[in-house]
Amino acid sequence: MHAPIAAPPASAEKILNGAGAAAILAAGVGAFLLGVFAVAADKSAAIKSLMNFWKPTGALSGETTIAVVIWLLVWAILDARWRNRTVGLARIKTAALVLLALGLLLTFPPLGDLL
Amino acid sequence: MEITTRSLWTLIHGMGFGALYLLGCSGALVELYRRYSTRSDPPATARDDRFLGVYLIAMAAMAWLAVLTGSYVIYPWYRAAPPAGLHSLGAFPRSLLLSQVSTSGWHSLGMEWKEHIAWLAPISITMAAAVALQYGRNLRSHPQLRSAVLGFVWVSLLAAGVAGFFGAMINKNAPVEGGNTIQLMHGE
């Protein structure tokens, strides 16, 4: 009995990387903004009050809602611009991973307190 | 054997969505690495693509359900302020933790970190699911894209792990209790 033969993947030239690049860069932006909003609301009473979209959850409701909305908007905009293009993925990947790492670090309260 | 509705929601959030997500993460990492590695043999099939797509969508659903139930169902009970003059803080976990030096760190570090870092998981895994669905086995032809997706999935595992650890420890020190009591079994 023979194993099913997989269809060969189309060549890299035919498969544009723009949509993937848009997705990873937008996710990096979303992660970074989450960290920025967490620190900003912790540092400023005015921002904390502004982020208080739903009182029982407090500022967390606004921080996460705004970060998620901007992430999705950035994703949609980048996707519309890059969908049919091949972009320089190495730089975009580096930028996305740096933004992700910064977002991760900014959520750590002792680091946020140092800023 | 009884359980309160708040405890039940905490179980659904942590042991249901959160723990399932953590379990799923290791599987996703293995599959993303194995199937789309340029050295993988045999190459992924269309059926493999469909399976991984459904798997990652289910993980994204788990991650969103975990953060949404955590932030909008359990967190309000956790952070509710006790009325002035109340001596027993058992129904107010945040205040209970902050009332003692030996437990205050579980809130000031644990909850403050957990409530934010957890949101990195749904963002990362939603992106991973979208890329896997869009590119399928062609992800093999884009090593930069594949390694970026893997990086995000690793961070989502870390984020879920931190959130899960602190969630368990906080609930151990100041459990979210209250609401109606559900009787699960009659004792002997």
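What follows draws every value from the coordinates through simple rules; no lab data is involved. Please read these numbers as outputs of a predicted model, since none were measured by experiment. Here the Cβ positions follow ideal geometry from the backbone for every residue, glycine too, while neighbour counts run over all protein chains shown.
Key figures
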item: Residue satisfying condition, being among the hydrophobic types (A, V, I, L, M, F, W, C), surrounded by fewer than 23 Cβ atoms within 10 Å (Cβ to Cβ), more than 11 Å from chain A (Cβ to nearest Cβ) and within 30 Å of A:Leu78 (Cα to Cα), within set B:Leu65, B:Leu97, B:Leu56; result: B:Leu65
item: Any hit, the stretch B:23-43, residues being aliphatic (A, V, I, L, M), within 14 Å of chain A (Cβ to nearest Cβ) and assigned to a helix (DSSP H, G or I); result: yes
item: Test: residue in the stretch B:168-184 that is without any contact (Cβ under 8 Å) to a residue 40 or more places away in the chain, farther than 22 Å from A:Arg91 by Cα, hydrophobic (A, V, I, L, M, F, W, C) and out of contact with any helix residue (DSSP H, G or I) (no Cβ under 6 Å at 6 or more places or on another chain); result: no
item: Unmet requirement for B:Phe165, which otherwise passes all of (1) buried (at least 24 other Cβ atoms within 10 Å of the Cβ); (2) without any contact (Cβ under 8 Å) to a residue 12 or more places away in the chain; result: (1)
item: Pick from the stretch A:44-70, criterion of a type in the set (Ser, Thr, Tyr) and more than 9 Å from every other protein chain (Cβ to nearest Cβ), ranking: nearest to A:Val29 (Cα to Cα); result: A:Thr65
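So that you can scan it fast, the table gives a plain yes or no per residue for (1) in a loop (DSSP other than H, G, I, E, B); (2) among the small types (Gly, Ala, Ser):
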{"position": "A:Ala23", "(1), (2)": "no, yes"}
{"position": "A:Ala26", "(1), (2)": "no, yes"}
{"position": "A:Gly30", "(1), (2)": "no, yes"}
{"position": "A:Leu33", "(1), (2)": "no, no"}
{"position": "A:Phe37", "(1), (2)": "no, no"}
{"position": "A:Asp42", "(1), (2)": "no, no"}
{"position": "A:Lys48", "(1), (2)": "no, no"}
{"position": "A:Asn52", "(1), (2)": "yes, no"}
{"position": "A:Pro56", "(1), (2)": "yes, no"}
